[in-house]
Amino acid sequence: MQDPAHSGPTPVTIWVWLLVLVVAGLVLLFFEEMSHTTITILLMAIAAVKATLVLRHYMHLKAQPAMLYVIAFTPVLLAVVMALILIPDVAYR
Amino acid sequence: MSAAAASEPLRSGVEGGEFARMPLGRAGMWWFLASEVMVFGTLIATYSLNRVAAGGWDAERAHVNARIAAFNTFVLLTSSLTVVLSLQAAHEGLRARARRFLLLTVLLGCVFLGMKSLEYGTEIAHGYTPASGPFWSYYYLMTGLHGLHVLGGIVANVLLWIGLGRPGAERLEPRIEFLGLYWHFVDVVWIFLFPLLYLS
């Protein structure tokens with residue numbers, strides 16, 4: 001969570017950046033010459049940046065002990081592993 | 001867990017690193033959120049794989065209402081800001097202000113659910129139900145599960161708001177942080193659901 005004594009961008013500044021990124025994602029949809037795959041990758045990259053902003057500045061993850069990163073990101077890793085395991089199932093359907 | 005226990009260190013009176021000195025409530029909330037990551041991570045991973053395997057589901061996706069979803073994104077991001085401002089106010093000893101921001105968070109959560117209900121109503125009226133195909137099954141499952149999390153957050157926020165209005169409420173103030181972590185997580189899940197289900 002945002003610590004009041006924390007130096008850096010204010011919560012309102014982070015909120016403005018989040019809104020700018022939402023608009024950037026919506027603007028991408030107007031680039032019709034771009035391939036669907038490229039747009040999807042860019043949209044997910046923008047989502048990852050937004051999630052990072054919330055995690056770092058609102059949930060204050062950057063000021064937490066390293067063990068918390070292990071707790072928070074191990075399930076992400078497991079989900080990725082699960083997706084990789086399922087790829088052959090999808091490919092040979 | 002009592003409010004006093006929630007703000008106690010994870011392992012009091014023992015040697016340990018920064019993690020061991022973390023308030024029990026915060027550590028518990030992060031453990032809970034880790035299990036939630038597993039739930040939503042699995043759903044997102046299987047949705048993505050099935051969508052690729054099925055050729056994109058572009059025809060189905062064209063029928064979801066991206067305008068309402070974009071508005072809801074704005075609402076949820078704003079509610080994350082109000083949670084942070086509530087915690088700031090609590091740290092500054094401004095409990096009335098903290099409660100006002102909590103109430104605003106609740107109202108924004110209600111707006112989100114209201115708009116989501118409107119969206120569901122329109123889609124169901126057009127014949128798109130969870131039984132209409134794999135895309136719609138995933139769509140209703142993921143957005144419905146997320147909506148239930150928003151509803152849970154609203155109920156918890158209301159209870160906290162009531163509790164903060166009673167005498168001796170300072171012992172409840174750490175819960176603004178713990179509940180805030182949960183609310184931000186719900187926001188992060190939506191940040192990924194929005195492009196996956198509505199835009200890409």
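The values are calculated or read from the model by the stated rules, or taken from the named source; none is laboratory data. These numbers come from a predicted model, not from an experiment. Glycine gets a Cβ as well: all are built from the backbone with ideal geometry, and neighbour counts include every protein chain shown. Please note that ligands, DNA and RNA were not included when accessible areas were found on the heavy atoms of the full protein model with its side chains. Shrake-Rupley method; radii C 1.70, N 1.55, O 1.52, S 1.80 Å.
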Working only within the range B:83-95, note down all residues that are more than 7 Å from every other protein chain (Cβ to nearest Cβ) and surrounded by 24 or more Cβ atoms within 10 Å (Cβ to Cβ).
-> B:VAL83, B:SER86, B:ALA90
When you scan the range A:59-73, how many residues do you find that are under 18 Å from the mean Cα position of the chain (by Cα) and within 7 Å of chain B (Cβ to nearest Cβ)?
-> 4
Six or more apart or on different chains, Cβ under 7 Å: which pairs go from a residue in the range A:44-58 that's more than 8 Å from chain B (Cβ to nearest Cβ) to one that's assigned to a helix (DSSP H, G or I) and of a type in the set (Phe, Trp, Tyr)? Could you list them?
-> A:LEU53/A:TRP17
Could you check, for the range B:100-114, whether at least one of its residues is within 14 Å of another protein chain (Cβ to nearest Cβ), among the aliphatic types (A, V, I, L, M) and either in contact (Cβ under 8 Å) with a residue 60 or more places away in the chain or in contact with a Lys or Arg (Cβ under 8 Å, 6 or more places away or on another chain) (or both)?
-> yes
Count - residues of the range B:124-155 that are open to solvent by 20 Å² or more (accessible area, probe 1.4 Å), over 19 Å from B:SER35 (Cα atoms) and within 20 Å of the chain's Cα centre (by Cα) | 3
Checked B:TRP183, B:TRP161 against criteria (out of contact with any Gly (no Cβ under 8 Å at 6 or more places or on another chain), closer than 17 Å to B:THR82 by Cβ and not in a loop (DSSP other than H, G, I, E, B)); the one match is B:TRP161
Top-ranked residue of the range B:47-77 - restricted to ones that are free of Cβ contacts under 8 Å to residues at least 40 places away in the same chain and within 9 Å of chain A (Cβ to nearest Cβ), ranked as nearest to the chain's Cα centre (by Cα) | B:PHE74
Among residues of the range A:15-42 being within 8 Å of another protein chain (Cβ to nearest Cβ) and modelled with pLDDT of 95 or more, the residue most open to solvent (accessible area, probe 1.4 Å) is A:TRP15
Note: among B:ALA54, B:ALA59, B:ALA70, B:ALA66, just one is closer than 28 Å to B:GLY41 by Cβ, surrounded by fewer than 18 Cβ atoms within 10 Å (Cβ to Cβ) and in contact with a Phe, Trp or Tyr (Cβ under 6 Å, 6 or more places away or on another chain), namely B:ALA66
Filter the range B:135-169 for residues that are of a type in the set (S, T, N, Q) and without any contact (Cβ under 8 Å) to a residue 24 or more places away in the chain and give the result.
-> B:SER137
Does B:GLY109 satisfy the criteria of being open to solvent by less than 50 Å² (accessible area, probe 1.4 Å) and part of a loop (DSSP other than H, G, I, E, B)?
-> no
Restricting attention to the range B:189-197, does a residue exist that is β-branched (Val, Ile, Thr), within 14 Å of chain A (Cβ to nearest Cβ) and out of contact with any strand residue (DSSP E or B) (no Cβ under 6 Å at 6 or more places or on another chain)?
-> yes
Based on what the data block shows, is B:SER86 more than 15 Å from the chain's Cα centre (by Cα) and touching a residue at least 12 places away in the same chain (Cβ under 8 Å)?
-> yes
Of (1) in contact (Cβ under 8 Å) with a residue 60 or more places away in the chain; (2) among the β-branched types (Val, Ile, Thr); (3) within 10 Å of chain A (Cβ to nearest Cβ), B:THR42 satisfies every one except (1)
Determine if the range A:69-82 includes at least one residue that is under 27 Å from B:ALA69 (Cβ atoms) and of a type in the set (S, T, N, Q).
-> no
Can you tell me which residue in the range B:1-48 is modelled with the highest pLDDT, limited to those that are more than 26 Å from A:ALA79 (Cα to Cα) and part of a helix (DSSP H, G or I)?
-> B:LEU24
